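Below is one structure, written out as structure tokens; comments come after it.
The values are calculated or read from the model by the stated rules, or taken from the named source; none is laboratory data. Since the model is a prediction, treat every value here as computed from it, not as a measurement. Because the Cβ atoms are built from the backbone with ideal geometry, glycine has one as well, and the counts that use them run over all protein chains shown. For the accessible areas, the whole protein counts, side chains as well, though only heavy atoms, and no ligand, DNA or RNA atoms are used. Shrake-Rupley method; radii C 1.70, N 1.55, O 1.52, S 1.80 Å.
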Amino acid sequence: MGRAVAEQTSRLAAAGYPAQIDVRDGMLTLFLHEPGRVAIEAADGGLRLSGGRRLGDGELGRILEREPERFSPNAALRPLYQDTLFPTVAMVLGPGELAYCAQLGLAYERLGVPMPVLFPRASLTLLEPRIVRLMSARGFTLGEAIALGARLPGEVSRRALPEGLSARLGRARESAAAAWDGLVGEIDRLDHTLRRTAELAAAYSDLRFDIVEKKTARALVRRDAEVGRQAAALEAALAPRGGLQERTLCPVPFAVRWGAGFAGLVARGMDIWQPEHRGITI
């Protein structure tokens, strides 16, 4: 079982997919509870627990025979254990579960357990009218807001800068970048070994514009409480804690605010055949 998971994980890694389950040589796919849960690994011709205690000859078998309730499957064995006891036609899974089930295909095959069809679950962001209006006013799409994550409030305040000031900062940045482009070339022609130094200086100059722009945006938020409230509202609705809404917010308050038709609205917005993230406007 463990070797099959390791082999499948290596195939996925070769194709550029990171492992969701940590696979280590010698690790069994069972935990022993004594009473805390500890991993079991093969080492030096025998077995030992993750805490360091070695198991005597036949000890694991005796425990398994007399006290099977002291064992539980780890993340790799759990789906196979489940599907052996209760054969499953299909499973609807989130991104993390899909990733680790992808490591188990060979194990299912070699143990002769039919692997369920895996469907990605729907991924949704609920958009209330006020949030839709704020997104429009500040020029955000849902994709942009999610990609920004924890940086969303800073981008809201940056976009709220007075148009003239924002434009002048942009022109100054472009002018400085153009000047450095010419300087880097001239310095390189004079002494090729100084090119890297000039490039670093150009990058530092661009970074200073970033710092000035961010500090100016923060000053705007301190001075204009409404911008700050809008930034906080957009973050709380679209990227709470810097992540997806569905990972943090409970749907119950939405249901309370929007009544009996809420569940049907959400259900109509789901489509397992098109699992890309989508927004549902309430």
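By average Cβ neighbour count within 10 Å, what is the ranking of 126-139, 181-194, 101-114 from highest down?
Numbers: 126-139: 15.0, 181-194: 11.6, 101-114: 16.9.
Sorting 126-139, 181-194, 101-114 by mean packing, highest first, produces 101-114, 126-139, 181-194.
At full extension, ARG159 and ARG11 could sit 48.8 nm farther apart than now, given 0.36 nm per residue minus the alpha carbon distance. Relative to the longest principal axis of the Cα atoms of the chain, the long axis of helix 195-223 makes an angle of roughly 80 degrees.
Leaving ligands, DNA and RNA out of it, report the carbon-plus-sulfur percent of the accessible area of the range 219-282 at a 1.4 Å probe.
Details: 2390 of 4050 Å².
Accessible surface attributable to carbon and sulfur in the range 219-282 totals 59 percent.
Would you mind telling me the share, in percent, of accessible area of the range 47-194 contributed by carbon and sulfur at probe 1.4 angstrom? Whole-percent figure for carbon plus sulfur exposure: 58.
If you count the DSSP beta bridges with both ends in the chain, what percent of them are antiparallel, to the nearest 5? Working shown, then result.
Working: 13 of 21 bridges.
That works out to approximately 60 percent antiparallel.
In loop segments of the range 190-282 as defined by DSSP, the chymotrypsin sites (Phe, Trp or Tyr not before Pro) with at most 13 further C-beta atoms inside 10 Å of their C-beta are TRP273. Near LEU161, no amide H atom lies under 5 Å from its own; only residues 5 or more places off or on other chains count, and H is placed 1.01 Å from N.
Among rounded, prolate and oblate, which fits the range 78-134 when a ≥ b ≥ c are the square roots of the eigenvalues of its C-alpha gyration tensor, a/c under 1.5 means rounded, and a/b larger than b/c means prolate? Show your work: numbers first, answer last.
Values: a/c = 4.73, a/b = 3.24, b/c = 1.46.
Prolate, since a/c reaches 1.5 and a/b exceeds b/c.
Ignoring ligands, DNA and RNA, what accessible area per residue does the chain give at 1.4 Å, in Å²? Can you show the working numbers first?
Working: 17400 Å² over 282 residues.
Per-residue accessible area for the chain comes out at 62 Å².
For Rg/Rh (Cα atoms, Kirkwood Rh), the candidate list reads (i) 0.93; (ii) 0.98; (iii) 1.13; the entry that matches the value derived from this model is (iii).
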